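The values are calculated or read from the model by the stated rules, or taken from the named source; none is laboratory data. Worth saying up front: this structure is predicted, and the values here are computed from it rather than measured. Here the Cβ positions follow ideal geometry from the backbone for every residue, glycine too, while neighbour counts run over all protein chains shown. Calculation scope for accessible area: heavy atoms of the full protein, side chains included, ligands and nucleic acids excluded. Shrake-Rupley method; radii C 1.70, N 1.55, O 1.52, S 1.80 Å.
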Amino acid sequence: MTNPFREDLVSRSRPEPCTVVIFGATGDLTHRKLVPAIYNLAIDGELPPGVKILGFARREKSDAEFRKGLEELNRKVSRSGHDDTIWASFEESIHYHQSEFTDLAGYQRLAARLDEIDRERGGKGNRLFYIASAPEFFDDILTHLKAAGLNQAAEGCWARVIVEKPFGTDLATAQQLNEVVNRTFQEKDTYRIDHYLGKETAQNLMVLRFANAIFEPLWNSRYIDQIQITCAENLGMEGGRGGYYDKSGALRDMVQNHLLQLLSLVAMEPPTDLSADGVRDEKVKVIRSLRQWDSPEKVAANVIRAQYHAGHVDGKPVPGYREEDRVDPESMTESYVALRLMIDTWRWSGVPFYIRMGKQLPKKATEISVHFKAPPGVLFNALAGGVPGGNVLVIRIQPDEGISLRMVSKIPGTSLRLEPVKMDFHYSTSFGKSSPEAYERLLLDAMAGDATLFARRDEVEEAWRFIDHIERAWHQSENPPPMAGYVAGTWGPKEADELLQADGHVWRRL
Amino acid sequence: MATPEMHPELGREVPVGSIDKELHKLWAEDEARTNASLMNLAVYSEAPGALEKNSAAVRELTAEHACRAILIGIDRDAPETSIRAWITAHCHLSHGKKSICCEQIAFALTGKATGRLRNTVFAHLASDLPLIFWWQGELSPIFEDRLYSLVDRFVFDSSGWVDPCSSFARITEAIANATRPLVVQDLAWTRTFQFRVSVASLFDDPIMLSALSEIGAVEIIYHPAHRGSALQLLAWLAVQASWSDTVELPLAVPNHNDSKACFSFESTSGKTILATLVANPDSAPLGCLTLSGGEVSASVSREAGSSHVIRRIEAPGHFVEAPGPADPDTCADLIGEQLARGGKNSLFRKILPRFRSLLERQ
């Protein structure tokens, strides 16, 4: 029987009441992102009644202490502010469970606690397990969830798991983790989160491409010259993150997941429908079609890695990467990577996709730019100087989300002079209302059983398969490609510029 | 050259024939401002002093909804015939830096000039953008096909209408006769939105869903100024739950008095549902909706002035209580909510016949 009162009220999948169990509940992600996201959903009326939160972590805490810590952070970071009355009601549904991640008895007590909460506060037994702990505990948590029988939902209910990145460190570890996950939960109940996909502009990519008839006919190698994806950060290893980052690097930390996901959305064929598998089937085809490099020489010709040297960012002096806290002074981990990718499909044959990601660059910006081919060399192109630059469609992911289109216009006057002009759409200008945080959308989707914005197993593994070729060339070959350098506060190494110059292209100036 | 007359709220008075030129000058004065517009928003009122009040409301609205605003003040009974126009821009800082501005044109039409409303006002629409027409007050003779046929979305508030039966008959006729699809939006219906969302969320609970066929009583407490919202909420419940109207039953209380009205319905399984509407001057516009039957009771309630509702389910061994957002109280805020949601409002059209039949049963 369907709920007759739902008709025409909300155009999205319906979230169901559940208990959200967060592993790593005392961590930053829980306090800064997850609980404020659930609170904002409650404020907006998006959360179904009966959603409860149970934090699972190693530290000793009472429910009241846990709630107090969450409240303090919520006051600071909540998108829609903090309302004491709403919080008072909201926090009643927050509980804490202390246990070591490796202690099976703790999970057995967790099962009893969940049943008890359901009995006391009314709940039908849906469970959403959110693994926000350090990655080394993923295996233990999943294994013990199964051992305690928590992976099995009661009749008519569901048990789902959300796994935070990093989802493995290479193909082998990702496959091993996937095996553990799939031994515990079915693939349809597994949600591998990539918060980039929860961002408004990332979601708007499909709308831009497939709800506007003017773009898709041009979206191919006949009209597009090159595509660039840039993710620039103006931060380094502040807050002790060097320890994690030095084991990971730009390629594994950002490219394998976020940037290849964006690439998939830009390059995929139109899906047959908007179902989770309809969309993900097309995305994974893009990753499978990436040209693979089977030798260090080919990797060197297409991928540039670099580390920043001491310099200035935002007017402040910053140390070089190897001088950063918790970074190995002889580290060979890249803080910058630039790639030239080719997608061997009919649509994209011959079109290079350039991806770059770097730390300590001049500013924070993530964007996709689609560079169209120049018009034929007649008429205005025959003028001295030709046409100044081709058309460029820019999709800004963050900050200042929006879309702009560069075109050429005549400068007013009696002579024929051309200049590029820009048509600009800013989300914040046109829509005053702030967008929900990525985690809000993604948590709601997981409660609703909609996995469209989550990565599927084959997507993750195909991405690692591609990345592993590069990592092997860098770290396991006898003749590894060199590590380039760039001064902090600049736009990366000259080798990255040369990568594009070889094709007659330049990086877009942000 | 004479200095243009400045109105503190409406801005610079300009000749009607020079509005476009003057707007251009307005933007040229400060190049740092960004002109944003996603729609034309016309606000129509025949009440004295409405232009100033509506300009203040539009200033608030434009913080979230970029538009070209066209304010129309009409005085049909004035002896003299005149058209005056003012232009201004409402600006807001976006993320504390960029100044985003929306332009506003205000028209005051008096006497026979009111007949020139269509030609004068609609010559100043921003092209290619939808026209949202917010009509304030009773429907007057100016509401006719040559007006509503230009409109994409017609917004009104039926809560103040003296004779809602005949006014809704005109709205229904307009929907049928409009030469383009006309979306109508009653703010009385918008006031029920969060209550409807809350009711729907209550029935997401399987216990409530399975108890739907057991529901035998409905009570809606409302503020006397918002009887239309209460009736529309009841009409929605009846339509969505497939409750049919029944011949009125003999009831223990009078069927209708100033503060209480009773209706009866029949479910698809033949169960009788008694619905009571209770007016309470201390209530929020919609104060409480309670559905009960068998051993289950569910409610959505809101204290007057509160920013949230409380959703509650009580059943043996099962108790759920959760807050949810409440609808705003002012018309301008309701319009803002409605603009954010968009849509064709097909659900309102679906319940409209039932609502009209409830109006007529009173």
- Filter the range A:227-242 down to residues that are among the small types (Gly, Ala, Ser) and in contact with a Pro (Cβ under 9 Å, 6 or more places away or on another chain) and give me whichever is surrounded by the most Cβ atoms within 10 Å (Cβ to Cβ). A:Gly236
- Of the conditions (1) modelled with pLDDT of 90 or more; (2) under 24 Å from B:Leu38 (Cα atoms), B:Tyr148 clears all except one; give me its number. (1)
- Being under 22 Å from B:Asp205 (Cα atoms), surrounded by 21 or more Cβ atoms within 10 Å (Cβ to Cβ) and in contact with a Cys (Cβ under 8 Å, 6 or more places away or on another chain), is that true of even one residue in the range B:300-307? yes
- Note on the structure: Scanning the range B:45-71 for residues that are in contact with a helix residue (DSSP H, G or I) (Cβ under 7 Å, 6 or more places away or on another chain) and surrounded by 23 or more Cβ atoms within 10 Å (Cβ to Cβ) gives B:Leu61, B:His65, B:Ala66, B:Ala69, B:Ile70, B:Leu71
- Query: Restricting attention to the range A:470-489, which residues are outside any strand (DSSP E or B) and open to solvent by less than 50 Å² (accessible area, probe 1.4 Å)?
  - Reply: A:Ile470, A:Glu471, A:Ala473, A:Trp474, A:Ser477, A:Pro481, A:Ala488, A:Gly489
- What pairs can you find where one residue is in the range A:292-304 and within 10 Å of A:Pro480 (Cα to Cα), the other is modelled with pLDDT under 95 and open to solvent by 70 Å² or more (accessible area, probe 1.4 Å), and their Cβ atoms are less than 6 Å apart, with a gap of 6+ or different chains? A:Pro296/A:Asn479
- Residue in the range B:30-50 that is within 24 Å of B:Leu334 (Cβ to Cβ) and part of a helix (DSSP H, G or I) present: yes
- Could you tell me whether any residue of the range A:71-86 is outside any helix (DSSP H, G or I) and among the hydrophobic types (A, V, I, L, M, F, W, C)? no
- In the range A:117-136, which residues are in a strand (DSSP E or B) and of a type in the set (Val, Ile, Thr)? A:Ile131
- Please specify each residue of the range B:323-362 satisfying the condition of being open to solvent by less than 10 Å² (accessible area, probe 1.4 Å), farther than 17 Å from B:Val183 by Cα and within 8 Å of chain A (Cβ to nearest Cβ). B:Gly324
- Item | Residue satisfying condition, being open to solvent by 50 Å² or more (accessible area, probe 1.4 Å), over 19 Å from B:Val300 (Cβ atoms), within 14 Å of another protein chain (Cβ to nearest Cβ) and modelled with pLDDT under 90, within set B:Ser269, B:Ser259 | B:Ser269
- Task: Could you pull out the residue among B:Glu22, B:Glu60 that is out of contact with any Lys or Arg (no Cβ under 6 Å at 6 or more places or on another chain), part of a helix (DSSP H, G or I), over 22 Å from A:Asp400 (Cα atoms) and within 11 Å of another protein chain (Cβ to nearest Cβ)?
- Result: B:Glu60
- Here, strands (runs of 3 or more DSSP E) confined to the range A:243-332 with at least 2 residues that are open to solvent by less than 70 Å² (accessible area, probe 1.4 Å) and not aliphatic (A, V, I, L, M) are A:303-309
- Item | Filter result (crowded, with 20+ Cβ neighbours inside 10 Å and away from chain A (no Cβ under 14 Å)) within the range B:197-226 | B:Ile220, B:Ile221, B:Tyr222, B:His223, B:His226
- Which condition does A:Val392 not pass, out of (1) buried (at least 17 other Cβ atoms within 10 Å of the Cβ); (2) within 19 Å of the chain's Cα centre (by Cα), if it passes all the others? (2)
- Task: Tally the residues that are among the β-branched types (Val, Ile, Thr) and without any contact (Cβ under 8 Å) to a residue 24 or more places away in the chain, restricting the search to the range A:449-493.
- Result: 0
- Hits in the range A:47-79 - residues which are at negative phi, within 14 Å of chain B (Cβ to nearest Cβ) and surrounded by 17 or more Cβ atoms within 10 Å (Cβ to Cβ): A:Leu47, A:Pro48, A:Pro49, A:Val51, A:Lys52, A:Ile53
- Query: Which residue, of A:Ala159, A:Ala147, is in contact with a Leu (Cβ under 9 Å, 6 or more places away or on another chain), open to solvent by 30 Å² or more (accessible area, probe 1.4 Å) and among the hydrophobic types (A, V, I, L, M, F, W, C)?
  - Reply: A:Ala147
- Message: If I filter the range A:490-503 for residues that are open to solvent by 20 Å² or more (accessible area, probe 1.4 Å), within 14 Å of chain B (Cβ to nearest Cβ) and of a type in the set (Phe, Trp, Tyr), do I get at least one hit?
- Response: no
- Item | Selection from the range A:87-116 of residues that are over 17 Å from A:Cys18 (Cα atoms), more than 11 Å from chain B (Cβ to nearest Cβ) and either assigned to a helix (DSSP H, G or I) or open to solvent by 40 Å² or more (accessible area, probe 1.4 Å) (or both) | A:Gln98, A:Glu100, A:Thr102, A:Asp103, A:Leu104, A:Ala105, A:Gly106, A:Tyr107, A:Gln108, A:Arg109
